[in-house]
Structures are given as structure tokens and as C-alpha cells.
Amino acid sequence: MASEILKDKRILAVDDEPDVLDTLEEILTENEGLVLDRAQDYETGYHLLRSWTYDAVILDIMGVRGFDLLNASVHLGFPTVMLTAHAFSAADLKQAVEMGARAYIPKEKMFEIPAFLEDVPSTRSSARSGWRTKRASGSRSPPADTSPAR
């Protein structure tokens, strides 16, 4: 179900599992104008974080150095949610919240991600200056999928 709040937003998803990225893409691109950038590893995710302005960032905890990416994302001012397939861990939840994550979502709740993102403050308003522009000079539209060929 499309959300008016997510219309025309740019979101980064970083997960080492291509099927998770595919599912997120199916769920999120139902929203008109939403751009989903994808990365399957820390290096690509970090590069995208440093290159673009995001309305929200979705990070896997394991496999992509999720806590390192969370630190970078929060430092850059991007609202970030953590997505994990691992059993709920109070220690991971505490660490994610202390580091600035806005939500900690088990992958089995992935289909509810639009509702979580609607509660992220920056996705509520598109008035943020430069919210859809590249940070450095150059092309305004990167390839939405930067993950390796499937």
C-alpha cells in the first residue's frame, strides 16, 4: 500500500542478502517517486552514504558492518532504522538506540517497513533543503541498484 509520506523520498538500504533488498524494493517502490538505492556491502553502503542525501537509511546489522554504517549515517544526520534476521538481542537493541537508530526491526516484520519509515521525522516533510540532490557535484541520478549483477 502506497504512502503519501514516502512519496518522492530517497532511501538507502544496505543488506548482504539480495533477496532482502529485492523484497524491500518491491515494498517501497510502490510509493510514487521513491528512489531506493541498494548496497550489499559496507564499502558500497559507505560510499553511497557519503555521496547522497537520504530521507531514511535501512541497515542490516550483520554482514555489512551495520553498526559502523549506523555511526556514519547518524553522524551525517540521516534517520536510520536497523533490520536484523538474528534473534532479538537486548544488547544489540540497546547499542542501536544509544547510537541513534530510530527503530530496530526484525526481518520477519520487513513488510511493515513503510509504517516504521512513516514515523521517521525526516520522511514526514519534503521541505528539507537539498533532500534529493547529490552531495558532491556530478550527476543527479545514480543507478538505483549498486549491488553486483544478479
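The values are calculated or read from the model by the stated rules, or taken from the named source; none is laboratory data. As the structure is a prediction and not an experimental result, all values here were calculated from the model. Here the Cβ positions follow ideal geometry from the backbone for every residue, glycine too, while neighbour counts run over all protein chains shown.
In the range 13-34, what residues are outside any helix (DSSP H, G or I) and in contact with a Ser or Thr (Cβ under 8 Å, 6 or more places away or on another chain)? Full working, then the answer.
Taking the range 13-34 first, the residues outside any helix (DSSP H, G or I) are 13-17, 29-34.
Matches in the range 13-34: VAL14, ASN31.
Which one is surrounded by the most Cβ atoms within 10 Å (Cβ to Cβ) among residues in the range 1-16 that are among the aliphatic types (A, V, I, L, M) and within 26 Å of THR44 (Cβ to Cβ)? Going through the qualifying residues, I end up with VAL14.
Conditions tested, residue by residue: (1) in contact with a strand residue (DSSP E or B) (Cβ under 9 Å, 6 or more places away or on another chain); (2) part of a helix (DSSP H, G or I); (3) more than 16 Å from ASP15 (Cα to Cα).
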site	(1), (2), (3)
LEU36	yes, no, no
THR44	yes, yes, no
ILE58	yes, no, no
LEU69	yes, yes, no
GLY77	no, no, yes
VAL97	yes, yes, yes
ILE105	yes, no, no
PHE116	yes, yes, yes
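Under the condition of being surrounded by fewer than 22 Cβ atoms within 10 Å (Cβ to Cβ) and at pLDDT 95 or above, the residues counted in the range 35-75 number 18.
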